[in-house]
Amino acid sequence: MPNQETVLTLLRTALGVEASNLSIRPLKGDASNRSYYRLHFDNGNRPATMILMELAEPEAFKKSEEAVSSSSISADELPYLNILRHLARSGVAVPELYGHDPAAGLLLLEDLGDRILEMELKDSDKTEIHRLYRMAIDELLKIHGPATRHPDPGCIAFGRSFDVPLLMWEFDHFLEYGIEARSGVTIRPGDRKAIREEFRKISEALAAEPKVFTHRDFHCRNLMVHDEKIRVLDFQDALMGPNVYDLASLLRDSYFVLRGPMVDDLIDYYLLNRSTATAAGPGAGEREAFRRMFDLMSIQRNLKAAGRFVYIDVVKKKDYLLPYIPQTLGYVRINLNRHSELKRLRDTLEPYVQELGSIP
């Protein structure tokens, strides 16, 4: 729990008034090293609630939780603040920052309520689900459009990218945790070689795609529904990535499964509206090529996620993500079966991954 006097000092510095009757209530966190609290206080004409983000170690603000490509841009500020500023300038609906205490590892943020997109989707009918996803894509188009077209030379995201080494690192993460740690079975050397050869082909194809500003974790648990708007969270690991990455993250989400026809419709919605947002990548008339890259990206993203869920269980002793592995690997099954050139990968992976066993 954050020190109350430290929080009061931060509120005084950020708001310029003396807050009173302060209460600090912990919120459900995630698998990161961040903790969240809702502050309730009396503060005249200011909002009565705010969100406090706290890191276990202040220096952890300065690096991504997992390995990423080294940045060619150095910043003397917290990555969250560095990227927040660029997204806000680009019109992306990010939380307002009221103040921060780098020494204590505290950020004081706008309170966006408790309704993450996942909750809204589960409480909605098909028409409303479609509308909510279009709203999320509208925010994504701002990230891929204005945030990409107007690079900030001081924004660290522009100095790092999803290259082949990073894509392969994530694939290998799946082999280590999604297969070997999960099943206790060691992959045979010949099979590992064959699998990694296919993974490298996918990585090279994705790395060759036009790059856009990439959120990197754009899914229904990092999007809030607030005042009939979609608000974007957890962007601190942003980098330049394939133009299909965030869309695959959203539409092949581990936490909410969309059926095929709606995925197709939403891809079309993205392509139709992208022409006014960015010139990068294939146009709307080249949907087939775009869809192929979307499927390859989904395979990479979903395998990495499945491995990550096991890693969080094994290393961080948090098992709450394990139930999402079967549906995450279900996406992989679908996409491996869509493309004949992936038969070697499919056949080699199948004996090690139970969820792929129903592939015809």
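Across segment 304-360, the number of residues qualifying as in contact with a Leu (Cβ under 9 Å, 6 or more places away or on another chain), of a type in the set (Val, Ile, Thr) and under 19 Å from residue 184 (Cβ atoms) comes to 3.
Pairs linking a residue in segment 123-151 that is under 20 Å from residue 214 (Cβ atoms) and in the same structural domain as residue 267 (by TED's automatic domain parsing) to a residue that is among the basic types (Lys, Arg) and assigned to a helix (DSSP H, G or I), with Cβ atoms under 9 Å and 6 or more positions apart or on different chains, are 141/274; 144/274; 145/274; 146/89; 147/89; 150/89.
Of all residues in segment 319-332, those that are buried (at least 23 other Cβ atoms within 10 Å of the Cβ) have Cβ atoms under 7 Å from Cβ atoms of residues that are of a type in the set (Ser, Thr, Tyr), 6 or more apart or on another chain, in 328/254; 331/298. Of the helices (runs of 4 or more DSSP H) entirely within segment 241-360, those holding at least 2 residues that are modelled with pLDDT of 95 or more and within 18 Å of residue 218 (Cα to Cα) occupy 245-251, 260-274, 287-314, 325-338. Taken as a whole, the condition of being more than 22 Å from residue 82 (Cβ to Cβ) and modelled with pLDDT under 95 does not apply to residue 178. Number of residues in segment 121-148 that are within 12 Å of residue 87 (Cα to Cα) and basic (Lys, Arg) equals 1.
Scanning segment 166-195 for residues that are free of Cβ contacts under 8 Å to residues at least 60 places away in the same chain, closer than 19 Å to residue 299 by Cβ and either of a type in the set (A, V, I, L, M, F, W, C) or not in a helix (DSSP H, G or I) (or both) turns up just one, 168.
Do the conditions hold for residue 152, that is, is it modelled with pLDDT under 95 and touching a helix residue (DSSP H, G or I) at 6+ places or on another chain (Cβ under 6 Å)? When the stated conditions are applied, residue 152 passes them. I'm trying to understand the selection: among the residues of segment 1-18, which are loosely packed, with under 12 Cβ neighbours inside 10 Å and among the hydrophobic types (A, V, I, L, M, F, W, C)? If the condition is that a residue be loosely packed, with under 12 Cβ neighbours inside 10 Å and among the hydrophobic types (A, V, I, L, M, F, W, C), then 1 is the only one that fits.
The values are calculated or read from the model by the stated rules, or taken from the named source; none is laboratory data. Given the structure is predicted, the values throughout are model-derived calculations rather than measurements. Counting neighbours? That spans all protein chains shown, and the Cβs are built from the backbone with ideal geometry, glycine included.
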